[in-house]
Amino acid sequence: ALTGHKNWPEQWPEAQPRAEYDVVIVGAGGHGLGAAYYLAKEHGITNVAVIEKGWLGGGNTGRNTTIIRSNYLYDESAKLYDHALDLWENLSTELNYNVMYSKRGVMMLAHNVHDVQSFQRHIHANRLNGVDNRWLTPAEAKKFCPPLNIAPDARYPVMGAALQQRAGTARHDAVAWGYARAAAKRGVDIIQNCPVIAIRRGPDGSVEGVDTAKGFIKAKKVAVSAAGHTSVVMESAGVRMPLESYPLQALVSEPVKPVFPCVVMSNTVHAYISQSDKGELVIGSGTDQYTSYSQRGGLPLIEHTVAAICEVFPIFTRMRMLRKWGGIVDVTPDRSAILGKTPVKGLYVNCGWGTGGFKATPGAAHTLAWTVAKDEPHPINAPFTLERFTTGRLIDEAAAAAVAH
Ligand code: FAD
């Protein structure tokens, strides 16, 4: 920095679009960049462009609160998120980029009998799937997370907690940058400040390429990984998506010394919290209650979230908020992702991760690359079809978890 950043080597070249690619990926978030990396590394497909309307990692990848866990209820989800967790374990080495994956543990608080029953059901289901998750008494929960208020007369008494020890956090920007650098090294073009305006289809209906702000780019295959704007991009190809887009907000406090050793989530009070390596408390909750493409969100939700956090952690009552922000999340009716082929030949989609797709980044990217390369589902993403909303074979995590971060 003392040189005014003048002598810093470029991490990846600023590419300009070529006339034609084997694969165009729309959206340079972690999922899109990761898919480009795995296409190059595992399938030898390097004539790939990742096209981003803004700056790389400036979507939800750079806006999320980085909770990583795999303790989902249904078999399909547990397999997908646990596949991602396996990849997280080795991602820094794989990319030669420190993504700061920290297995500090995610604890989900039970405040009423329903929570207790529901989390214990999750624990049993997780164990059957080989996913670690265990029950803690209130005293054990307090030992694991000392700032927790377990007083029996608390407004939201803690009746126990489910702990996934292998879960935790990672550095979100590093994930985007690491995948970008590793993909670019293998020949992938990353094109920023270039919105995709429409997906073009040929006379036989199959994909021909994309119209962008920098002109038409021909492509044999197009994969849309444009969280928040999937419906808009897919509509241009004539595909209607079962998605609603909501603002999702988060905030951080002023930085303080290490005080919070893990991640704690509470579905009942609708808030979750961790502490970043910079010392800020990272706080979030559920989506705003209206659909919108605004990346701001309303203040009442922040007030509600902070009030909930102060009830469960009275130690933080006098902390000051530093900043808040929002992202746009695509939400499906069953709160599970859509990852796979579409009715249009050569067009693939990865979306619907809602409030919880950061944790899936390596797994989603890895299986999306497989599907694009082979034009067939990977065994892990096979259930996450678009067709499930017509066949009714849902993966109903909406019923299984209220706050799905
Ligand atoms: P993104 O990073 O959003 O990438 C999509 C990219 O597509 C964007 O960069 C966008 O600019 C680009 N794009 C869109 N339209 C176009 C176009 N027409 N042309 C070109 N490019 C386009 N998940 C968790 O697992 N844990 C959490 O704790 C968590 N907390 C969250 C908190 C907040 C406040 C938010 C907003 C999200 C949170 N999530 C969390 C969800 C998570 O961030 C997302 O599911 C995940 O990052 C999606 O990754 P992505 O790569 O698909 O999307």
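The values are calculated or read from the model by the stated rules, or taken from the named source; none is laboratory data. This structure is a prediction, so every number in the text was calculated from the model and none was measured. Backbone-built Cβ (ideal geometry, glycine too); neighbour counts: all protein chains shown. The accessibility values were calculated without ligands, DNA or RNA, using every heavy atom of the protein model including side chains. Shrake-Rupley method; radii C 1.70, N 1.55, O 1.52, S 1.80 Å.
Things worth noting here:
- Of Ala184, Ala213, Ala237, Ala180, all but one fail to be farther than 30 Å from Val116 by Cα, out of contact with any Phe, Trp or Tyr (no Cβ under 6 Å at 6 or more places or on another chain) and open to solvent by less than 40 Å² (accessible area, probe 1.4 Å); the exception is Ala237.
- Of the strands (runs of 3 or more DSSP E) contained entirely in segment 181-264, those carrying at least 1 residues that are away from the ligand (no atom under 13 Å from the Cβ) and without any contact (Cβ under 8 Å) to a residue 12 or more places away in the chain fall at 207-212.
- Screening Met159 with (1) more than 24 Å from Pro314 (Cα to Cα); (2) in contact with a strand residue (DSSP E or B) (Cβ under 7 Å, 6 or more places away or on another chain) gives one miss only, at (1).
- Checking Ala308, Ala382 one by one, the residue that is in contact with a helix residue (DSSP H, G or I) (Cβ under 9 Å, 6 or more places away or on another chain), among the aliphatic types (A, V, I, L, M) and either in a helix (DSSP H, G or I) or open to solvent by 10 Å² or more (accessible area, probe 1.4 Å) (or both) is Ala382 and no other.
- Residue within segment 156-163 that is open to solvent by less than 20 Å² (accessible area, probe 1.4 Å), within 16 Å of the ligand (Cβ to nearest atom) and not β-branched (Val, Ile, Thr) present: no
- Within segment 318-357, if we keep just the residues that are more than 22 Å from Tyr72 (Cα to Cα) and not in a strand (DSSP E or B), the residue that is farthest from the ligand (Cβ to nearest atom) turns out to be Arg318.
- Conditions (1) open to solvent by 10 Å² or more (accessible area, probe 1.4 Å); (2) more than 14 Å from the ligand (Cβ to nearest atom); number of the one not met by Thr287: (2)
- Residue in segment 291-303 that is touching a residue at least 24 places away in the same chain (Cβ under 8 Å), within 17 Å of the chain's Cα centre (by Cα), assigned to a strand (DSSP E or B) and under 21 Å from Asn64 (Cβ atoms) present: no
- Single residue of Thr93, Thr66 found to be under 23 Å from Asn350 (Cα atoms) and open to solvent by 10 Å² or more (accessible area, probe 1.4 Å): Thr66
- When Asp330 is tested against (1) open to solvent by less than 10 Å² (accessible area, probe 1.4 Å); (2) within 21 Å of His111 (Cβ to Cβ); (3) touching a residue at least 40 places away in the same chain (Cβ under 8 Å), exactly one condition is not met: (2).
- Looking across segment 272-283, just one residue is within 12 Å of the ligand (Cβ to nearest atom), among the aliphatic types (A, V, I, L, M) and open to solvent by less than 10 Å² (accessible area, probe 1.4 Å), and that is Ile273.
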